[in-house]
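The values are calculated or read from the model by the stated rules, or taken from the named source; none is laboratory data. This one's a predicted model, so the numbers in the text were calculated from it and none came from an experiment. For neighbour counting, all protein chains shown are included, and Cβ atoms are generated from backbone atoms with ideal geometry for every residue, glycine included. Only protein heavy atoms, including side chains, enter the accessible area calculation; ligands, DNA and RNA are left aside. Shrake-Rupley method; radii C 1.70, N 1.55, O 1.52, S 1.80 Å.
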Amino acid sequence: MNYVKSVLRQFSIPSLLQLILNISLIVLAVILCVLLVKELIHFGKMMLSAASTLNEFLEAIIAFFLYFEFIAMIVKYFRENYHFPLRYFLYIGITAMVRLIIVDHHNPLNTLIYSGVILILIVSYYIINKTPVERPGK
């Protein structure tokens, strides 16, 4: 009877939710890896064909890096004991904003707003790096 109670304690709701989250992230990582390979193939085809423009080429490169950053973030999640480092979200945000500037650069106001967002993300990254990891009083 004590064995059954100890097994039931191990399968608490937080543990079950953590298991579901981990399985979901593994499935997401596999899907992202497949999409990364497809993007790499598309990128190779663009390099071989002369029909693609510079904007399409740069968009493909940045889309590749977005997939790469998401996969790296999932790997970091498992390596850092089930914790997403905030700096990876900032990297992804900066890359996404650069992609938007490359793709949608026809409206100067939008480009200025996107540049402002990049500046805010970079300042946030600087603040995170300058803030001590261990908080006083803990």
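Per the 1.4 Å probe, what fraction of the accessible area of the range 46-138, in percent, lies on carbon and sulfur atoms? Can you show the working numbers first?
Numbers: 4430 of 6570 Å².
Carbon and sulfur together cover 67 percent of it.
With each label modelled as a point 7 angstrom along the Cα→C-beta vector, the residue 130-residue 34 pair spans 4.5 nm. Accessible surface calculations at 1.4 Å, restricted to protein heavy atoms, place the chain at 75 Å² per residue.
Counting each DSSP H run of 4 or more residues in the chain as -39500 (n - 2.57), what helix-only mean residue ellipticity at 222 nm follows after dividing by all residues, to the nearest 500 deg cm²/dmol?
Numbers: 5 runs with 112 residues, N = 138.
Computed mean residue ellipticity for the chain: -28500 deg cm²/dmol.
Quick test of the membrane-span-like rule: which DSSP H helices of the chain reach at least 15 Å along their long axis (C-alpha atoms) with mean Kyte hydropathy at least 0.0? Qualifying helices: 13-48, 54-79, 86-103, 108-130. A straight Cα-to-Cα reach below 18 Å connects residue 38 with the aspartates and glutamates 56, 59, 69, residues fewer than 8 places away in its own chain not being considered. Working from label points 7 Å from Cα in the Cα-to-Cβ sense, the residue 52 to residue 83 distance is 3.9 nm.
What is the magnitude of the charge dipole of the chain about its Cα centre, with +1 placed on the Cβ of each Lys and Arg, -1 on the Cβ of each Asp and Glu, and no other charges, expressed in debye to the nearest 20? Numbers along the way, then the final one.
On the way: 11 positive and 7 negative charges, 138 e Å.
It works out to roughly 660 debye.
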